[in-house]
Amino acid sequence: MENILIVEDEENIREVLVRALKEKQFAVESAPDSETAITLMQKYEFDLVLTDLKLPGKSGLELLNHIKEHTYATAVILMTAYGSVENAVEAMQHGADDYVVKPFRLDEIEIKIDRLIQEQRLLENHRYLQEETEARFGNIVGASTPMQDLIRLIEQVASTNTTALITGETGTGKELIAHTLHQRSNRKDGPFIVVHCAAYSQTLIESELFGHEKGAYTGATNQRKGRLEISQGGTLFLDELGEIPLEIQVKLLRFLESKTFERVGGNEPIQVDVRIVAATHRDLPAMIREGKFREDLYWRMNVFPIPLPPLRERSDDILLLTKHFLGKKAENREFKITRLGERLLREYHWPGNVRELENIIERAILLSSGETLRVDLALAKPNEDVRLGDKNLNQMVESMEKRLIQEALTQTGNNQAQAAKLLGIQRSTLQYKLQKYGLIK
Ligand SMILES: Nc1ncnc2c1ncn2[C@@H]1O[C@H](COP(=O)(O)OP(=O)(O)OP(=O)(O)O)[C@@H](O)[C@H]1O
Ligand SMILES: [Mg+2]
């Protein structure tokens, strides 16, 4: 049986509502003002609060704010007088779930209550289902339709030997997927080797991948095996495939076609049994048009495309991921997320995707002293308005730039490579700006 609280100062209306809802088998409490309502809420948990907007003392809007900040899953319906519909619209913006305009018909209110209660049951059911699936696919958390489709795709391709190309924005989980592909394959007992292609110069990436013979170039004092060779029997993960220089792309293509390669400075063909999985946040077709990526290599790599949707396109996973990260990071503290918190998480656009969510949850934990997870504080941005005339244009641009750089660093947990990606600039440019703004020592 659901608990409903009615807050209404006009006794007649209050009594009519109490009677009608009791008849519909709800457990009903009532209060003539917000203060009494808040006291009752400390005693009981309500599934739904039906409150008048205009109340003596604290208004219905203040009561609404209180509920959204302090309770976990209470729905709120506001009652407003005819003519104050604008207030109602404002109330919806403050997180009310619905409103009715007085004078109303009882059945109108009953329909709204039924709908919200149903929604709540669904939500809970949904949560339960999500928890069920959570355990199902290794470390990948995701119950949204796009993630479930993706997991099916991964299940299919994991056991094969095909090359896979994972694409997606920064922080969407590309490395996690690559690792899962390996773990789910019959190569799982072999090595999983990662090469971050963006981290090397052209000479270094060549020798990193293919190895070199003694004396291949100055400094090559010993023979060295490349990552391809040591991946024998396992998986080689080429992260940031888009950063490989064109000359090395040719060599890689040749390897994919023949399964053999030579070390730098060597001429003996070496054969390895390795599966290649690659990832990039870049738009490879666009790079092909610009002549920066080889089309033939692209088709070779893209045998099995795995596109990861950005987090904002799978908002059904946000709460589930939040719980997952809370479980990982909150140690033995238990947190509740208010409806407001849920809404903020769902509505934010997550440019840094899952990694950003992980960082925000970590920040929220630090900012929460009680048992309510302060998502609102963790997501709050400093809102320093720039007004014309305060500074000259250059100074304004610079202060904006500095703020965005700080934001990118926060979102990526101070990872410069990822922050640079998020800002769409070279890492070296970022480093220059960090120096310039005194953001690093
Ligand atoms: N579906 C998911 N379930 C659980 N954790 C996830 C999921 N997706 C990503 N993560 C976590 O988010 C973080 C970022 O993921 P990952 O490093 O795989 O992203 P990426 O796409 O490789 O990012 P980048 O392009 O910046 O390298 C990791 O800690 C990862 O474990
Ligand atoms: Mg990555």
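Bear in mind these aren't lab numbers, they're just calculated from the coordinates by the rules spelled out. Source: prediction; values computed, not measured. With ideal geometry, Cβ positions are generated from the backbone for all residues, glycine too; neighbour counts draw on all protein chains shown.
When Phe237, Phe192 are arranged by Cβ crowding within 10 Å, least crowded first, meaning fewest neighbours, the order is Phe192, Phe237.
Which values, in whole Å and largest first, are the semi-axes of the equivalent ellipsoid of segment 145-307 obtained as the square root of 5 times each eigenvalue of the Cα gyration tensor? Each step should come with its number before you reach the end.
Details: eigenvalues 143, 69, 35 Å².
With the √(5λ) rule applied to segment 145-307, the semi-axes are 27, 19, 13 Å.
Past 28 Å, Cα to Cα: identify those pairs from Lys22/Lys54; Lys328/Lys421; Lys24/Lys54; Lys225/Lys329, in the order given.
Details: Lys22/Lys54 24 Å; Lys328/Lys421 26 Å; Lys24/Lys54 26 Å; Lys225/Lys329 39 Å.
Exceeds cut-off: Lys225/Lys329.
Calculate the translational D of segment 313-379 in whole µm² s⁻¹ from Stokes-Einstein, where the hydrodynamic radius comes from the Kirkwood formula applied to all Cα pairs, the temperature is 10 °C and the viscosity 1.306 mPa s.
Numbers: Rh = 11.7 Å.
Answer, rounded: 136 µm²/s.
Ile111 sits among other residues whose Cβ lies under 12 Å from its own Cβ, and their net charge, with Lys and Arg +1 and Asp and Glu -1, is -1.
Taking 1.002 mPa s as the viscosity and 20 °C as the temperature, the Stokes-Einstein diffusion coefficient of segment 297-441 based on its alpha-carbon Kirkwood radius rounds to 123 µm²/s. The Cβ shell under 12 Å around Leu55 holds other residues with a net charge of -4, Lys and Arg each +1, Asp and Glu each -1.
Counting every other Cβ atom within 10 Å of each residue's Cβ, Tyr99, Tyr432, Tyr82 order from fewest to most as Tyr82, Tyr432, Tyr99. Ranked from largest, the principal axis spans of the Cα set of segment 16-97 equal 32, 27, 22 Å.
Put simply, the Cα atoms of the chain extend 96, 58, 42 Å along their principal axes, the longest span coming first.
Listed highest first by mean packing, meaning other Cβ atoms within 10 Å per residue, what order do 37-44, 216-223, 317-324 come in?
Details: 37-44: 14.1, 216-223: 11.5, 317-324: 20.8.
Highest mean packing first, the order is 317-324, 37-44, 216-223.
Going by alpha carbons, how many degrees (0 to 90, nearest 10) lie between the helix axis of 246-258 and the longest principal axis of the chain? For 246-258 against the chain, the angle is about 80 degrees.
Full extension of the chain between Asn332 and Gln431 yields a length gain of 31.8 nm, computed as 0.36 nm times the residue separation minus the alpha carbon distance. The C-alpha atoms of the chain define a longest principal axis, and helix 106-134 lies at about 30 degrees to it. Of the beta bridges in the chain, as assigned by DSSP with both residues counted there, near 10 percent are antiparallel.
Compute the signed sum of charges (Lys and Arg +1, Asp and Glu -1) over the other residues within less than 12 Å, Cβ to Cβ, of Ser34.
Details: positive: Lys54, Lys58; negative: Glu8, Asp9, Asp33, Glu35, Asp52, Glu62.
Neighbour charge sum, excluding Ser34 itself: -4.
I need the shape label for segment 381-441. Rule: rounded when a/c is under 1.5, else prolate if a/b > b/c, else oblate, with a, b, c from the alpha carbon gyration tensor. Prolate shape, in that a/c is at least 1.5 and a/b is the bigger ratio.
Ordered by the number of other Cβ atoms lying within 10 Å of each residue's own Cβ, fewest first, Glu155, Glu29 fall into the sequence Glu155, Glu29. Give the residues of segment 329-352 whose amide nitrogen is closer than 19 Å to a point set 7 Å from the Cα of His70 in the direction of its Cβ. Answer for segment 329-352: 335-342.
Counting only DSSP H runs of at least 4 residues, each contributing -39500 (n - 2.57), and dividing by the residue count of the chain, the helix-based mean residue ellipticity at 222 nm comes to -14500 deg cm²/dmol. Axis angle, to the nearest 10 degrees, between helix 174-183 and the longest C-alpha principal axis of the chain: 70 degrees.
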